[in-house]
Amino acid sequence: MYIKAFKPLFDFIISLLALIVLSPVILIISLLIYLKLGKPILFSQERPGKNEKLFRLYKFRTMSDTRDSNGDLLPDVNRLTEFSSFIRKTSLDELPQLFNVLKGDISLVGPRPLLAEYLPLYDRDQKKRHLVKPGITGWAQINGRNSITWNDKFEFDIYYVNNISFFLDLKIVFKTLFRVIRGSGINSPDGNTMPKFSGNNQ
């Protein structure tokens, strides 16, 4: 009952209220990104949702287009400005995903939607993360986010799928707010964003 009825209703109401309340913040961030990084303001990418159905995820753009002498993009850490790092640290770059919640693509809480290119790399257990809608935040995010290994991340995701409940979602939301305030677990141990998943045999 919670998963089929109440959770979607909560997602819609809370995301709508959040968009109304945070609209001035969204407008200010949009303007700052335009002034500091230029166009586009939003970053969008196809991600797999529930049952591996693809949808377009939206985030605020945080990377510059800085390239090396060969025209190749520099590593993530070299394309993050001080302003970009602040937006990521405070998770303000995730705010446009409230529109994804409103559309029903994702939930407020669930396994984070990863790259579509990872789909062929998952084993049978890891694929279970797609039995529910992905979320803006999840069990893995409050247990390390990008500072844990891929194996740990998938184990946390599967735990959530197997134990989803209103009280677990509530716990995740409050712990997410606490982590955002502290700015912990944003990056992997080497200081970069999470490295790409390369499969279970590597």
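Structure values in brief
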quantity: Test for I186: is it modelled with pLDDT under 90, within 14 Å of R112 (Cα to Cα) and not charged (D, E, K, R); calculated: yes
quantity: Any hit, the range 85-93, residues being of a type outside the set (V, I, T) and open to solvent by less than 30 Å² (accessible area, probe 1.4 Å); calculated: yes
quantity: Hits in the range 7-42 - residues which are open to solvent by 80 Å² or more (accessible area, probe 1.4 Å) and free of Cβ contacts under 8 Å to residues at least 24 places away in the same chain; calculated: L9, L17, I20, V21, L27, I28, L31, Y34, L35, K39
quantity: Residue selected from the range 111-149 under the condition open to solvent by less than 10 Å² (accessible area, probe 1.4 Å) and under 10 Å from the mean Cα position of the chain (by Cα), by the criterion farthest from D169 (Cα to Cα); calculated: P113
quantity: First in the range 69-89 and farther than 19 Å from G38 by Cα, second anywhere and at pLDDT 70 or above and surrounded by 15 or more Cβ atoms within 10 Å (Cβ to Cβ), Cβ under 9 Å, 6 or more apart; calculated: K89/V180
quantity: Filter result for the condition that a residue is touching a Pro at 6+ places or on another chain (Cβ under 9 Å), farther than 15 Å from E94 by Cα, of a type outside the set (G, A, S) and open to solvent by less than 70 Å² (accessible area, probe 1.4 Å), over F60, F55; calculated: F55
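The values are calculated or read from the model by the stated rules, or taken from the named source; none is laboratory data. None of the values given here were measured: they were computed from a predicted structure. Counting neighbours? That spans all protein chains shown, and the Cβs are built from the backbone with ideal geometry, glycine included. Heavy atoms of the whole protein, side chains included, go into the accessibility calculation; ligands, DNA and RNA do not. Shrake-Rupley method; radii C 1.70, N 1.55, O 1.52, S 1.80 Å.
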